[in-house]
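Colleague: Okay, here's the structure, questions in a sec.
All of the numbers you see were taken from the coordinates with simple rules; none came from a lab. A quick note: this is a predicted structure, and the numbers were derived from the prediction, not measured. Cβ coordinates were reconstructed from backbone atoms using ideal geometry, including for glycine residues, and neighbour counts include every protein chain displayed.
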Amino acid sequence: MNERHLIKAVIFDLDGVIVSTDEYHYLAWKQLADETGLYFDREMNAKLRGVSRLDSLNIILGRQAGSVPEKDKIDLMDKKNLYYKGYLEQLDERSVTEDVGRTLAALRKAGVLLAIGSSSKNAGFILERIGYDAFFDAVADGNDVKRSKPDPEVFVLAAERLGVLCRDCLVVEDSEAGIKAAFACGMRTVGIGYAEENCRADWNLRKLSDVLSCVKKG
Ligand code: B16
Ligand code: MG
C-alpha cells in the first residue's frame, strides 16, 4: 500500500457501519430459524455479514441448502424480510450516532466524495428513514448487482457512479466479505465494528471518526 496515495472517495458499507441494522438482521434470522427449527446463533450470524439474503439463507440451511426447493427458499426469505422490515420501522434520524454524523459532515467539508456500497435491497428505505437519502454522491446496493460481496461488483459500481478509479477509494466495512470485495478491486480498507477485531484491513478502527486520520494520511 502506498501511504501517500490520495484518497478521493470513501465508500461506506451500510448495515453495521452507518447504522446498527446488523442487529436487526440477526434478530429477524433468529426468529425465522426458531420458528422453522433451524439452528442459528451469533457465530453463524457473523458469516452472514455483507452477504446477500439468498447466500445468508443457504448458510443457515447448511447441508440442506441443495435440497430445499427454490419456492420454499423464496417464502423463507420473504418471511425474514418481513420481520426485518418490522425492525426497520424503529429507525429515524436519531439512529445515526453523533460520531457517524460528524464524520460524514467532516469528510464532505474536506471535499472527499462519499458513497454507499451495500449488499442490502433495503438500503434506499434505510437511508430514507435515517434522513440520508439525498446525502451521498452515489449509492450502489443489492438491487444493482448480480453478485454479492465478497464479489467486488457493488464497490466497482459505486466508484463508477462517483467517476473515480478504484485505487482512489477507501472502503469502510464491518464484514469479512466486504473487506475481501474491496481488496479484490484494489481499494483500500477500514475494518470497523465486527471487522475491527476479526478481519485484516489496511486500518482497523474503533470508531468511524478515526477514518478522518486515514484520509488525511492518504
Ligand atoms: P437485505 P451491508 C448486508 O448489508 C448485510 O450485512 C447482510 O447481513 C444482508 O444479508 C445483506 O445486506 C442483504 O440485506 O436482506 O436487506 O437485502 O452490510 O452490505 O450494508
Ligand atoms: Mg455491513
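Colleague: For each of E23, E176, count neighbouring Cβ atoms within 10 Å of the residue's Cβ, then give the residues from fewest to most. Before the final figure, lay out each step's value.
Modeller: Working: E23 13, E176 22.
Ascending Cβ contact count within 10 Å gives the list E23, E176.
Colleague: Here is a further query. For the chain, what does -39500 (n - 2.57) per DSSP helix run (n ≥ 4), summed and divided by total residues, give at 222 nm, in deg cm²/dmol to the nearest 500?
Modeller: Values: 10 runs with 99 residues, N = 218.
Value at 222 nm, helices only, nearest 500: -13500 deg cm²/dmol.
Colleague: Take the alpha carbon gyration tensor of region 1-49, find the square roots of its eigenvalues, order them as a ≥ b ≥ c, and report rounded if a/c is under 1.5; if not, report prolate when a/b exceeds b/c, else oblate.
Modeller: Numbers: a/c = 5.71, a/b = 2.90, b/c = 1.97.
Prolate shape, in that a/c is at least 1.5 and a/b is the bigger ratio.
Colleague: At 0.36 nm per residue, and after removing the present C-alpha to C-alpha distance, how many nm does the segment from K207 to A105 gain when stretched out fully?
Modeller: Residue separation times 0.36 nm, minus the Cα-Cα distance, leaves 35.2 nm.
Colleague: Next question, about the same structure. Classify region 66-157 as rounded, prolate or oblate, taking a ≥ b ≥ c as the square roots of the eigenvalues of its Cα gyration tensor: rounded when a/c is under 1.5, otherwise prolate if a/b is larger than b/c and oblate if not.
Modeller: oblate
Colleague: Top mean-square fluctuation among L127, L61, L14, Gaussian network model of the chain, C-alpha springs under 10 Å?
Modeller: L61
Colleague: Once you have the Kirkwood Rh of region 80-218 from its Cα pairs, apply Stokes-Einstein at 10 °C and 1.306 mPa s and quote D in µm²/s. Could you put the intermediate results ahead of the total?
Modeller: On the way: Rh = 15.5 Å.
It diffuses with D of about 103 µm²/s by this estimate.
Colleague: Which of the lysines could a cross-linker span from K79 if the Cα-Cα distance has to be under 30 Å and same-chain partners fewer than 8 positions apart are dropped?
Modeller: The reachable lysines, counting only those whose Cα sits under 30 Å from K79, are K30, K47, K71, K121, K146, K149, K180.
Colleague: Could you put I74, I116 in order, starting from the residue whose Cβ has the fewest other Cβ atoms within 10 Å? Present the calculation step by step, with values, prior to reporting the outcome.
Modeller: Numbers: I74 12, I116 25.
So the ranking, lowest neighbour count to highest, is I74, I116.
Colleague: Give me T21, T36 sorted ascending by neighbouring Cβ count inside 10 Å, so fewest comes first.
Modeller: T36, T21
Colleague: Something else: Which of rounded, prolate, oblate describes region 38-100, given a ≥ b ≥ c as roots of the alpha-carbon gyration tensor eigenvalues and a/c under 1.5 marking rounded, otherwise prolate only if a/b is larger than b/c?
Modeller: Numbers: a/c = 3.07, a/b = 1.84, b/c = 1.67.
Prolate shape, in that a/c is at least 1.5 and a/b is the bigger ratio.
Colleague: Considering only DSSP states other than H, G, I, E and B, which trypsin sites (Lys or Arg not before Pro) in region 129-218 qualify as loop sites with at most 13 other Cβ atoms within 10 Å?
Modeller: On the way: sites: R129, K146, R147, R161, R167, K180, R188, R200, R206, K207, K216, K217; in loops: K146, R147, R200, R206, K207.
Listed in order of number, the matching sites are K146, R147, R200, R206, K207.
Colleague: Could you run the Karplus curve 6.51 cos²θ - 1.76 cosθ + 1.60 with θ = phi - 60° over region 80-87 and give me ³J(HN,Hα) per residue in whole Hz, x for Gly and Pro?
Modeller: Coupling constants for region 80-87: 4, 5, 5, 4, 4, 5, x, 5 Hz.
Colleague: Still on this model: Within 10 Å of each candidate Cβ there may be at most 14 other Cβ atoms; applying that plus a DSSP loop requirement, which trypsin sites (Lys or Arg not before Pro) in region 1-50 survive? Before the final figure, lay out the partial values.
Modeller: Values: sites: R4, K8, K30, R42, K47, R49; in loops: R4, K8, K47, R49.
Taking region 1-50 and a limit of 14 other Cβ atoms within 10 Å, the loop trypsin sites (Lys or Arg not before Pro) found are R4.
Colleague: Now for a separate question. Give the percent of DSSP beta bridges with both residues in the chain that are antiparallel, rounded to the nearest 5. The partial results should precede the final answer.
Modeller: Details: 0 of 18 bridges.
Of those bridges, close to 0 percent are antiparallel.
Colleague: Hey, rough spin-label estimate for E93 and E70, points 7 angstrom out along Cα→Cβ, what's it come to in nanometres?
Modeller: Distance between the two pseudo-spin positions: 4.5 nm.
Colleague: Oh, and also: Could you give me the percent of Cα pairs per 5 Å distance bin for region 139-212, shortest bin first, beginning at zero and ending with the bin that holds the maximum distance?
Modeller: It works out to 3, 20, 27, 24, 19, 7, 1, in whole percents.
Colleague: Suppose the chain between E23 and E35 were pulled fully straight at 0.36 nm per residue; how much longer would it get relative to their current alpha carbon spacing? Before the final figure, lay out each step's value.
Modeller: Details: separation 12, 0.36 × 12 = 4.32 nm, distance 1.85 nm.
Roughly 2.5 nm would be gained on extension.
Colleague: Between L165 and I59, what length in nm is gained on full extension when 0.36 nm per residue of separation is reduced by their alpha carbon distance? Intermediate results must be reported in sequence, preceding the final value.
Modeller: Values: separation 106, 0.36 × 106 = 38.16 nm, distance 3.31 nm.
The span from L165 to I59 would gain 34.8 nm if fully extended.
Colleague: So which chymotrypsin sites (Phe, Trp or Tyr not before Pro) in region 17-61 end up in coil per DSSP with only 12 or fewer other C-beta atoms within 10 Å? Write down the numbers at each step before the final one.
Modeller: Numbers: sites: Y24, Y26, W29, Y39, F40; in loops: Y39, F40.
Sparse-neighbourhood loop chymotrypsin sites (Phe, Trp or Tyr not before Pro): Y39.
Colleague: On a C-alpha basis, how far is the centre of region 151-182 from the centre of region 71-101 in Å? Whole number, if you could?
Modeller: About 23 Å separates the Cα centre of region 151-182 from the one of region 71-101.
Colleague: To continue, here is another question. Please report, in Å, the Rg and the Dmax of region 1-149, where both are computed over Cα atoms only.
Modeller: Both quantities, over Cα of region 1-149: 17.1, 52 Å.
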